[in-house]
1. Considering the dipole of the chain built from charges on the beta carbon (Lys and Arg +1, Asp and Glu -1) around the Cα centre, which of PHE176, ILE32, VAL46 is farthest to its positive end?
2. Which percent of the accessible heavy-atom area of the chain goes to carbon and sulfur, probe 1.4 angstrom?
3. Looking at the chain, do any whole DSSP H helices span at least 15 angstrom along their long axis by alpha carbon and average 0.5 or above on Kyte-Doolittle, and which?
4. For the range 1-106, what is the charge dipole size about the Cα centre, in debye to the nearest 20, if Lys and Arg each add +1 at the Cβ and Asp and Glu each add -1 at the Cβ?
5. Need one word for the range 93-180: rounded, prolate or oblate. Basis is the Cα gyration tensor (sqrt eigenvalues a ≥ b ≥ c); a/c below 1.5 gives rounded, then a/b vs b/c decides.
6. Quick check for you: with a 1.4 Å probe and neighbouring chains kept, what is the accessible area per residue of the range 31-180, in Å²?
7. Quick one: order LYS51, LYS109 from most to least accessible surface, probe 1.4 Å.
8. Filter the cross-link list LYS24/LYS103; LYS51/LYS95; LYS57/LYS177; LYS51/LYS177; LYS21/LYS95; LYS56/LYS177 down to pairs whose alpha-carbon distance in this structure exceeds 22 Å.
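The values are calculated or read from the model by the stated rules, or taken from the named source; none is laboratory data. Source: prediction; values computed, not measured. A quick note on method: Cβ atoms are made from the backbone with ideal geometry, for glycine too, and the neighbour counts reach across all protein chains shown. Surface accessibility is based on the protein's heavy atoms, side chains included, excluding ligands, DNA and RNA. Shrake-Rupley method; radii C 1.70, N 1.55, O 1.52, S 1.80 Å.
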Amino acid sequence: MPIETGVWRFGKTLERLEPAKMDKEERLENAITSHLDILDRNLMLVGRQVKTAFGKKIDLLAIRRDGTLVVIENKRDRTPRDVVAQLLDYASWVKGLSYSDVKDIYEQKAKGGLAAGDSFEAAFAGAFDAEPPEDVNEAHELVVVASELDASTERIIGYLSDEYGVPVNAVFFRFFKDGD
C-alpha cells in the first residue's frame, strides 16, 4: 500500500506544497550521488554512468560492506514497465564482475572526480571501517528509484521477488517545488 506524504509551508498561512515533476533525471542522480544514504546508509558508490559490455549505462553502481553489488536505476517520474527489463539486463552484466573489475570501475570513475583519487580499498575502509571482502559480488541487488511505479511494474517486481527471489526493489521519492 503506498504511503502519502504531505509537505506544508508554514508562514502567515499554512499552505500545502504539491508534488511536481522533476525537470531532469540528472538532478535526481546528482542528489543520490551526493547523499547515497538517502537510499541506504550501508552503501558506497562504486560508479556513476557505468558503461556495460553491452553499450548501456548503469545510472549508479554501489557496494555493500559484504561485497554485494547494488544496481540503481533512476527515473525522474513514473516508471515504464520496461525499467524491470533494463535492470535485469544490467544484472546479467554485473553478475560477471570480479573484485578487479569493481576496483577498476571505482578507480576509473574516481579519476573523474567521484572520490578525489582514493583507491577502492581506501574508500571502502573509509565507508565501512573495514577491508573489502575477498569475494566481492557473490550477490547483487537491483533498485529502481522513481516518483511512482505504474501498476504493471509493481506487479512484475512483486512477482520476480516473491516467486523467484530476484533481489529487486523500488524506492520512491517525491519532488516538491516551492517558488523558483
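1. It is PHE176, whose Cα lies furthest towards the positive end.
2. Reported share for carbon and sulfur atoms: 47 percent.
3. 82-94
4. Details: 19 positive and 17 negative charges, 24 e Å.
Here the range 1-106 has a charge dipole of around 120 debye.
5. Verdict is oblate for the range 93-180.
6. Numbers: 8060 Å² over 150 residues.
Here the per-residue accessible area is 54 Å².
7. LYS51, LYS109
8. LYS24/LYS103; LYS57/LYS177; LYS51/LYS177; LYS21/LYS95; LYS56/LYS177
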